[in-house]
Amino acid sequence: MTFQLLFLFGAGFLGGVFNSIAGGGSFITFPALLFVGVTPISANATNTFASCAGYLSGAYAFRKDLYVHKAALPRLVFVSLIGGGLGALLLLQTPESLFREAIPWLLLFATVLFVFGRDINRIVRQLASHHRHASSVGSVLLLLMLLGVCVYGGFFNAGLGIIILSYLALAGYSNINEMNGLKLLVSSVVSLTAIILFIYNGAIAWYEGVVVLLGTLAGGYVAAHYSRQLPQAYVSAFVIVVSSGITIYFFFDVYA
């Protein structure tokens, strides 16, 4: 029990450091929950619960940047509520065996997003700059795209931030601080909606989740004070190596 507690806290701590500096904390916390015996769907739900505090505190930190777009916030929040709820319901209706088989592919998708996230966002910004005067059809498509992003976030949390940033770039946003604030707001609403449904369905492993949550908060706090001494490029490279290794492991574990 002591080893499990230290292991989960350490995974949460490392995940919190990653999230604060380069992102990708779920590549540590989600597999850690599986390693200690939490079932796949419960581990995913518990990871969403453990990650949510970081989204909320981050969104609060960007509250002034969010105020600039106060007119758009009700629409974003509403779509996030619907999408997060649909994604969570989809997860809860997925058979455990099927979700286990999907884990390697979900991790691969999230890893690719992490590796190529900046390039994807740069390309999307270039596309958006050529289509700033979107038609009403374009606006509807953007809304459906946001809904799809939020459904993904309710179903599987890893990589959500990168996809939201891509959506915001395509929607015409350009100020990175405002985009980060909106990203964290959408992530918070999606996660909170999903968590409510997870709680109602008894999908969260509370002991493991709280330990990971505390570790994440501690890691984020330490990283906030020492982030300048940790080169982001090195941290990103380490996350890529770890996420690639974990993804390969799950492919062998599930399909070998």
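The values are calculated or read from the model by the stated rules, or taken from the named source; none is laboratory data. The shown structure was predicted, so the numbers you read here are calculated from the model rather than taken from an experiment. All Cβ positions, even for glycine, are placed from backbone atoms using ideal geometry, and neighbour counts span all protein chains on display.
Taking segment 55-112, which residues are of a type in the set (Val, Ile, Thr), in contact with a Gly (Cβ under 9 Å, 6 or more places away or on another chain) and over 29 Å from Val239 (Cβ atoms)?
First, the residues of segment 55-112 that are of a type in the set (Val, Ile, Thr): 68, 77, 79, 82, 94, 103, 111-112.
If we keep only those that are in contact with a Gly (Cβ under 9 Å, 6 or more places away or on another chain) too, we end up with 68, 111-112.
Of everything in segment 55-112, just one residue is of a type in the set (Val, Ile, Thr), in contact with a Gly (Cβ under 9 Å, 6 or more places away or on another chain) and over 29 Å from Val239 (Cβ atoms), namely Val68.
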**Request:** Confirm whether Leu182 is touching a residue at least 40 places away in the same chain (Cβ under 8 Å) and within 16 Å of the chain's Cα centre (by Cα).
**Result:** yes
**Item:** Leading residue by the ranking (surrounded by the fewest Cβ atoms within 10 Å (Cβ to Cβ)) among those in segment 1-38 that are at pLDDT 90 or above and not in a helix (DSSP H, G or I)
**Value:** Gly37
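So which residues in segment 173-198 are among the hydroxyl-bearing types (Ser, Thr, Tyr) and touching a Phe, Trp or Tyr at 6+ places or on another chain (Cβ under 7 Å)? Before you say what the answer is, go through the steps one by one.
Of the residues in segment 173-198, the ones among the hydroxyl-bearing types (Ser, Thr, Tyr) are 173-174, 187-188, 191, 193.
Ser187, Ser188, Ser191 - these are the residues of segment 173-198 that are among the hydroxyl-bearing types (Ser, Thr, Tyr) and touching a Phe, Trp or Tyr at 6+ places or on another chain (Cβ under 7 Å).
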**Message:** Suppose the filter is charged (D, E, K, R), crowded, with 17+ Cβ neighbours inside 10 Å and touching a residue at least 24 places away in the same chain (Cβ under 8 Å); does Arg63 pass it?
**Reply:** no
**Message:** Can you find a residue that is touching a Phe, Trp or Tyr at 6+ places or on another chain (Cβ under 7 Å), modelled with pLDDT of 90 or more and surrounded by 24 or more Cβ atoms within 10 Å (Cβ to Cβ) anywhere in segment 71-89?
**Reply:** yes
**Asked** Does Ile162 count as of a type outside the set (Phe, Trp, Tyr) and either closer than 27 Å to Gly37 by Cβ or under 10 Å from the mean Cα position of the chain (by Cα) (or both)?
**Response** yes
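If you go through segment 155-184, how many residues are part of a helix (DSSP H, G or I) and either touching an Asp or Glu at 6+ places or on another chain (Cβ under 9 Å) or under 18 Å from Phe49 (Cβ atoms) (or both)? Steps first, answer last, please.
Restricting attention to segment 155-184, the residues satisfying the condition of being part of a helix (DSSP H, G or I) are 155, 160-170, 176-184.
Imposing the further condition that a residue be either touching an Asp or Glu at 6+ places or on another chain (Cβ under 9 Å) or under 18 Å from Phe49 (Cβ atoms) (or both) reduces the set to 155, 160-161, 168, 177-182, 184.
Adding up the residues that qualify gives 11.
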**Prompt:** Looking at Gly245, is it touching a residue at least 60 places away in the same chain (Cβ under 8 Å), in a helix (DSSP H, G or I) and not hydroxyl-bearing (Ser, Thr, Tyr)?
**Reply:** no
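Is it the case, given these coordinates, that Arg132 is more than 24 Å from Val79 (Cβ to Cβ) and either surrounded by fewer than 17 Cβ atoms within 10 Å (Cβ to Cβ) or at pLDDT below 85 (or both)?
On the way: more than 24 Å from Val79 (Cβ to Cβ): no; either surrounded by fewer than 17 Cβ atoms within 10 Å (Cβ to Cβ) or at pLDDT below 85 (or both): yes.
So Arg132 fails the test.
Okay, residues lined up against (1) surrounded by fewer than 21 Cβ atoms within 10 Å (Cβ to Cβ); (2) modelled with pLDDT under 80; (3) within 18 Å of Tyr60 (Cβ to Cβ):
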residue: Gly138; (1), (2), (3): yes, yes, no
residue: Met145; (1), (2), (3): yes, no, no
residue: Gly148; (1), (2), (3): yes, no, no
residue: Tyr152; (1), (2), (3): no, no, no
residue: Asn157; (1), (2), (3): no, no, no
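Would you point out the residue of segment 201-224, among those that are touching a Phe, Trp or Tyr at 6+ places or on another chain (Cβ under 6 Å) and assigned to a helix (DSSP H, G or I), that is farthest from Tyr55 (Cα to Cα)? Steps first, answer last, please.
Keep residues of segment 201-224 that are touching a Phe, Trp or Tyr at 6+ places or on another chain (Cβ under 6 Å), which gives 204, 209, 211, 215, 218-219.
Next cut, assigned to a helix (DSSP H, G or I) only: 209, 211, 215, 218-219.
Details: Gly209: 16, Val211: 17, Gly215: 15, Ala218: 14, Gly219: 14 Å.
That would be Val211.
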**The one condition in (1) in contact (Cβ under 8 Å) with a residue 40 or more places away in the chain; (2) surrounded by fewer than 20 Cβ atoms within 10 Å (Cβ to Cβ); (3) closer than 17 Å to Leu90 by Cβ that Ser174 fails to fulfil** = (3)
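Right, Leu92: out of contact with any Cys (no Cβ under 9 Å at 6 or more places or on another chain) and modelled with pLDDT of 90 or more or not?
Yes.
Is it fair to say Thr46 is touching a residue at least 24 places away in the same chain (Cβ under 8 Å), part of a helix (DSSP H, G or I) and closer than 25 Å to Val77 by Cα?
yes
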